[in-house]
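The values are calculated or read from the model by the stated rules, or taken from the named source; none is laboratory data. Predicted, not measured: the structure shown is a model, and the values here were computed from it. Cβ: placed from backbone, ideal geometry, glycine included. Neighbour counts: every protein chain shown.
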Amino acid sequence: MSAIADSLRTAVDLIWQGDPVLLRTVGLSLTVSATACALAAGLGLAAGAGLAISTFPGRRVLVTLLNTLLALPSVVVGLLVYLLLSRSGPLGAWGILFTPSAMVVAQTILIVPVIAALSRQLVADAMRDGGDQLRSIGASGFMAALLMLLHERWAVATILLAAFGRAISEVGAVMIVGGNIDGVTRVMTTTIALETSKGDLPKALALGLVLLGIVGAINALVGAAQRMHGGGLVGVR
């Protein structure tokens, strides 16, 4: 018990003193996940809005597939991106495997389905309530969907925060495509896994506390966005 208490005290000291390695690791994690979330937002919101207003054969199957991808394992995404970016893969000429760029690609693929599925349901619900009014003033279906996303901006913020939380807390994909290289691709989750296996519990605990703090802050922001929106996170049907 004393060993745990000592490790926790050391972990708090590392955070309080602003350990350079700790700060670098946290900074890289935030940069990679924020970049991935920004890229995924553009792709996911457009895809969700388009799918919400479209009618075509196989749409229901596509919606079901999209909802299934919400539970896509991060290690599967990591394997897919690794195969694409490896030297013998179709995108091997990019030369970004085992770099932060590869980690951004993996996290983007991981969270696009989250944003697309939730925004699709958000737009579909909003269009049922106010879509006819927008069409009556000449707005096209896709333009009406985009206006609905703008109107439901707090719900969109909730979706994006949830996606960011999913990205920053995953470990499998970034471990596979980043290689967990010290000072280059080592982020919070991969460092926690490595330091725990090495027995360096203070550093692992310090990063764990920071990660918990970030996730807690995200949850607080999600709650604030939900209160401003006047409801909970949009459901997936």
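Miscellaneous remarks
- Of the criteria (1) assigned to a helix (DSSP H, G or I); (2) surrounded by fewer than 21 Cβ atoms within 10 Å (Cβ to Cβ), which one ALA117 fails: (2)
- Hits in region 7-49 (condition: free of Cβ contacts under 8 Å to residues at least 24 places away in the same chain and assigned to a loop (DSSP other than H, G, I, E, B)): GLN17, GLY18
- Among all residues of region 82-96, there is none that is of a type in the set (Val, Ile, Thr) and buried (at least 18 other Cβ atoms within 10 Å of the Cβ).
- Considering region 58-99, and only residues there that are among the polar types (S, T, N, Q) and without any contact (Cβ under 8 Å) to a residue 12 or more places away in the chain, the residue that is farthest from ILE176 (Cα to Cα) turns out to be THR64.
- Residue satisfying all of: in region 34-62; among the β-branched types (Val, Ile, Thr) and at pLDDT 90 or above; surrounded by the most Cβ atoms within 10 Å (Cβ to Cβ) among these: THR35
- The set of residues from region 1-33 being surrounded by 14 or more Cβ atoms within 10 Å (Cβ to Cβ) and among the hydroxyl-bearing types (Ser, Thr, Tyr) comprises SER7, THR10, THR25, SER29, THR31, SER33.
- Pairing each residue of region 194-221 that is in contact (Cβ under 8 Å) with a residue 60 or more places away in the chain with any residue that is of a type in the set (Lys, Arg) and outside any helix (DSSP H, G or I), provided the two are 6+ apart or on different chains, yields no C-beta distance under 6 Å.
- Residue selected from region 1-37 under the condition within 15 Å of THR185 (Cα to Cα) and of a type outside the set (A, V, I, L, M), by the criterion farthest from the chain's Cα centre (by Cα): ARG24
- Qualifying residue in region 129-138 (condition: in a loop (DSSP other than H, G, I, E, B) and either at pLDDT below 90 or of a type in the set (D, E, K, R) (or both)): yes
- GLY78 meets the conditions (1) in a loop (DSSP other than H, G, I, E, B); (2) within 18 Å of ILE168 (Cα to Cα) in every case but one. The failed one is (1).
- Residue in region 181-188 that is closer than 30 Å to GLU152 by Cβ, touching a residue at least 60 places away in the same chain (Cβ under 8 Å) and surrounded by fewer than 18 Cβ atoms within 10 Å (Cβ to Cβ) present: no
- Residue count, region 51-88 (criterion: under 18 Å from ALA163 (Cβ atoms) and not aliphatic (A, V, I, L, M)): 5
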